[in-house]
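As structure tokens, the structure follows; a few thoughts come after it.
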Amino acid sequence: MLNKYPLWKYLLILTVVIVGAIYSTPNFYPDDPVVQISGADAVIEVDDLVLKRATKALDEAGVSYFAPSVDKRAGVVRFQDTETQLVAKDIVEAALGERYVVALNLAETTPDWLVSLGAGPMKLGLDLRGGVHFLLEVDIDKALDQRHKSYVSEIKQKLREEKIRYRSVSADLETGIRLVFKNNVSRDKASDLLRDQYRAFIIQDADEGDEFILSLALTDSKIKEIQDYAISQNLTTIRNRVNEIGVAEPLVQRQGTHRIVVELPGVQDTAAAKRIIGRTATLEFRLVDWEHDASSARGGRAPAGSELMPFKNDVRPPVLLKRRIIVSGDRVLDARSNYDENGRPQVNITLDGRGGKKMSRVTTDHVKDDMAVVFVETKSKMVEKKVDGQKQLVRETWEEKYVINRATIQSALGVNFRITGLDSPLESSELALMLRAGALAAPMYFVEERTVGPSLGQENIDAGKMSVQLGFMAVMLFMVAYYRVFGLIANMALAANVMLLVAGMSMLSATLTLPGIAGIVLTVGMAVDANVLIFARIREELANGLPPQAAINSGFDRAFVTIFDANITTFIVAVILFAFGTGPVKGFAVTLSIGILTSMFTAVLGTRALVNLFYGSRQLTTLRV
């Protein structure tokens, strides 16, 4: 009896190994530390002249660099190490000024012939590549307060439509919505109307002297729905903003009930990232009060239905605006920054269908009246206050509102129009970015921020490589010492397994993290374990009196069931870890899952092919395992 594979199996294994070798090769080309130069605005281009200014400053400072280039509207200057890169960033920033954004990054060095085949290195996570980590807390109370105010506006509108007279409608976060009526007839009509149309409220009535009260309190399920929506909307908005920044392999996920984790690998400019990601800003389009003059609001007493709003930077007198909002930022579909006919920055706005209808309806009725664009931003800071006689840090929040543009409505507006009156291209670019990404459903506050430098990331990479190499060498030495030729065969299969694992992660653009490296080390052990099972089974068959070739065939066949059972259960666990785990756990699960598949291939097919090549065509009388 001889053990031979058909030719197609050998060709299949050879093809897989060659493809694995090609797609794992880019990982042998380490990234270069670079300083990346880009325009502060989309209209500012980086050309050879800008790059020469940067390299001239580096030459004058005596900083060594190599391979400066311009690609995709950004300039790149490469350095030998991260220490030189950090020094160079400050020098280039000082030389180019505020018109350009200078950032730390890492540039791939993969040869063009590999890139043409679609091959590239594995993406590295925050702990390996460096970057920024943010933990943000969503202000759930603010989300509920905003929803209460929205309900108050709707309820007033419905009561007016039904001609039900009321004294006041107010909202409070603790008590809910309170409606006051002059008589019980109006209250009862309102109660019937609201009970029919607002099933999310628990409605109760009460009498207080000559006032007849309706109290509306949101149900627990509705409060949870609002909270979940606020978190979900903020997650979507942050992801959109991160995508606009252009970060590779970002992590944006929910943590607990009201917190969000953001990790941006490769980003070192914490201030710029915070400004874009956490800014709680939106726009409101309002009519200027055409019935009263701003002077009528002196002393802080504006006419009913209006409010006095300051102009940005107080460059013009305050504006008296109608409180009614025509359209807010959540109706913006697209926003692009460019320049008007006079070369001044502007933002072109595109509204959705509903927003366009509202804008058209209002502006049609108010041609020749003025409309203002109000910028709204929520800010916060930690202040020390006495709480129950003890000093504690308490977060204070407030809204800043100011007019950024006031213009006369010349004709009815639709879904497309523009905002002017912006100070700089950077301001228009950031405003356009935030509007494109969407408005936050509730304010968020940074409760933790951490920067992982590229040098620390390199230390993690070096430590991870060392752990894999030590584990690999220890296993290989043991296998050769204990199993002789079979151990050598197992080591060849093990090397192929690691290569295929790296190639698989590269092809899938999977992100490698420190836990992922742990997954590689575990995979090495599991791959060897499969070979040990096979060799142990062959030894048992030899001990039972089978001839060598029959023992090899029987050993592989019978060990397969055990190997398959062990790996499939581990694979199921890896899938569960990926489905329910968070960042580092997912990284471990991805590496483990790919490793299980590659180890099954190399242990069952690869090892069998090598054993067949070594022994399959020989008439054996003895076999040492």
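Please report the spacing between the Cα centers of segment 124-178 and segment 195-231 in Å, no decimals. Measuring centre to centre over Cα atoms gives 14 Å.
Could you tell me the relative contact order of the chain? Use alpha-carbon pairs under 8 Å, at least six residues apart, and round to a whole percent. Numbers along the way, then the final one.
Numbers: 1110 pairs, mean separation 103.2, N = 625.
Computed over the chain, the figure is 17 percent.
Relative to the longest principal axis of the Cα atoms of the chain, the long axis of helix 220-245 lies at roughly 70 degrees. For Leu413, the residues 5 or more places off, or on other chains, whose built amide H falls under 5 Å of its own are Thr363, Thr364.
Using the alpha-carbon atoms, what tilt in degrees (0 to 90, nearest 10) does helix 353-365 show relative to the longest principal axis of the chain? Relative to the chain, helix 353-365 is tipped by roughly 20 degrees.
Using the Cα centre as the reference, give the magnitude of the dipole from point charges on the C-beta atoms of the chain (Lys, Arg: +1; Asp, Glu: -1; all else neutral), rounded to the nearest 20 debye.
Taking the Cα centre of the chain as origin, the dipole is about 1200 debye.
Between Phe564 and Val19, what FRET efficiency comes out of the Förster formula 1/(1 + (r/R0)^6) with R0 = 22 Å and r the beta carbon distance, rounded to 0.05? For Val19 and Phe564, the calculated efficiency is 0.35.
First measure r as the distance between the Cβ atoms of His292 and Lys312, then evaluate 1/(1 + (r/R0)^6) with R0 = 22 Å and state the FRET efficiency to the nearest 0.05. Provide the component values of the computation, followed by the final result.
On the way: r = 22 Å, r/R0 = 1.00.
Taking R0 as 22 Å, the efficiency between His292 and Lys312 is 0.50.
Mean separation of Cα pairs under 8 Å and 6 or more residues apart, divided by the residue count, gives segment 32-107 a relative contact order of 49 percent.
Mind giving me the FRET efficiency for Arg165 and Glu399? R0 is 51 Å, r the Cβ-Cβ distance, nearest 0.05 is fine. That pair, Arg165 with Glu399, gives E of 0.95.
Put a dot 7 Å past the Cα of Asp71, heading toward its Cβ, do the same for Glu377, and the two dots end up 3.5 nm apart.
Segment Ser116..Ala550, full-extension length gain: 151.5 nm, with 0.36 nm per residue of separation and the alpha-carbon distance subtracted. In the chain, the DSSP-assigned H stretches of four residues or longer account for a calculated mean residue ellipticity at 222 nm of -16000 deg cm²/dmol, using -39500 (n - 2.57) per stretch and the full residue count as denominator. Under the simplified labelling scheme, the Asp365-Val480 pair shows an inter-label distance of 8.7 nm, with each label point 7 Å from Cα along Cα→Cβ. For segment 8-165, the square roots of the Cα gyration tensor eigenvalues, ordered a ≥ b ≥ c, give a/c of at least 1.5 with a/b no greater than b/c, which places it in the oblate category.
Bridgeable aspartates and glutamates around Lys123 (alpha carbons under 15 Å apart, same-chain partners fewer than 8 residues away excluded): Asp31, Asp32, Glu108, Glu249, Glu263. Projected label points at Asn416 and Arg259, each 7 Å from Cα along the beta carbon direction, are separated by 4.6 nanometres.
Highest mean first, what order results for 184-190, 565-571 on Cβ atoms within 10 Å?
Numbers: 184-190: 17.1, 565-571: 14.3.
The peptides rank, most packed first, as 184-190, 565-571.
Fully extending the segment from Gln146 to Leu488 would add 116.2 nm, taking 0.36 nm per residue of separation and subtracting the current Cα-Cα distance. Taking the longest Cα principal axis of the chain as reference, the axis of helix 7-24 is set at about 50 degrees.
Want the number for Tyr5 to Asn240: 0.36 nm per residue separation, take away the alpha-carbon distance, what's left?
79.4 nm
Going down the list Lys149/Lys401; Lys142/Lys586; Lys156/Lys401; Lys149/Lys224, which pairs span over 21 Å between their C-alpha atoms?
Working: Lys149/Lys401 17 Å; Lys142/Lys586 32 Å; Lys156/Lys401 25 Å; Lys149/Lys224 17 Å.
With Cα atoms farther than 21 Å apart: Lys142/Lys586; Lys156/Lys401.
In straight-distance terms, cross-link reach from Lys52 covers every one of the lysines whose alpha-carbon lies under 23 Å from its own, apart from those fewer than eight places away in the same chain; here that gives Lys72, Lys89. Of the listed values [x] 33.4, 111; [y] 25.1, 77; [z] 28.3, 88, identify the label whose number matches Rg and Dmax of the Cα atoms in Å calculated from this model. This structure yields the entry labelled [x].
Every number here is computed from the coordinates shown, using simple stated rules; none is lab data. It should be emphasised that the depicted structure is a prediction, and the values quoted were computed from it without experimental measurement. Note: ideal-geometry Cβ built from the backbone for every residue, glycine included; neighbour counts use all protein chains shown.
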